[in-house]
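Worksheet for the structure shown next.
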Amino acid sequence: MLFRSCLHVFGGEGNRDAANGMFPWHDVYNPISDKWSREADMPIPVHGVTGLPFVDGVLFYAGGAKGQGGAGRSDLLQTHKPAFNCR
């Protein structure tokens with residue numbers, strides 16, 4: 001998801017250190033500085049979020065799977081307010 005000129009990447013599966021196999025990570029790529037950084041982790045790790053609207057500076061990520069291979073599809077609604085922008 002492109003937000004405030006930054007590319008945001010959330011979650012993923014294959015985490016051997018987590019019981020559900022999910023990564024809680026929220027990584028941000030700044031194309032201006034050509035650097036990756038880490039934002040706060042997702043409160044509930046998911047993957048497969050297909051839409052990421054933003055309103056008044058807040059990212060909303062809905063749904064996603066709480067388990068590997070699409071298992072445990074959810075109706076979660078999580079939010080995050082990024083601390084910076086890439087402009």
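When the range 1-22 is filtered for residues that are open to solvent by less than 70 Å² (accessible area, probe 1.4 Å) and either over 16 Å from H80 (Cα atoms) or touching a Cys at 6+ places or on another chain (Cβ under 8 Å) (or both), the ones remaining, listed by number, are R4, S5, C6, G12, G14, N15, A18, N20, G21, M22.
Tell me yes or no: at least one residue of the range 1-10 is assigned to a loop (DSSP other than H, G, I, E, B), of a type in the set (D, E, K, R) and touching a residue at least 60 places away in the same chain (Cβ under 8 Å). Yes, the range 1-10 contains at least one residue that is assigned to a loop (DSSP other than H, G, I, E, B), of a type in the set (D, E, K, R) and touching a residue at least 60 places away in the same chain (Cβ under 8 Å).
Give the residues of the range 49-65 that are open to solvent by 40 Å² or more (accessible area, probe 1.4 Å) and modelled with pLDDT of 80 or more, sorted by residue number. Answer for the range 49-65, where residues must be open to solvent by 40 Å² or more (accessible area, probe 1.4 Å) and modelled with pLDDT of 80 or more: P53, F54, V55, D56, F60, A62. With respect to P24, determine if the residue is in contact with a Lys or Arg (Cβ under 9 Å, 6 or more places away or on another chain), at pLDDT 85 or above and in a loop (DSSP other than H, G, I, E, B). When the stated conditions are applied, P24 does not pass them. Take the conditions (1) assigned to a loop (DSSP other than H, G, I, E, B); (2) of a type in the set (S, T, N, Q); (3) touching a strand residue (DSSP E or B) at 6+ places or on another chain (Cβ under 9 Å); S37 misses just one of them, which is (1).
The values are calculated or read from the model by the stated rules, or taken from the named source; none is laboratory data. As the structure is a prediction and not an experimental result, all values here were calculated from the model. No Cβ is skipped: glycine too gets one built from the backbone with ideal geometry, and neighbour counts run over all protein chains shown. With ligands, DNA and RNA removed, areas are computed over all heavy atoms of the protein, side chains included. Shrake-Rupley method; radii C 1.70, N 1.55, O 1.52, S 1.80 Å.
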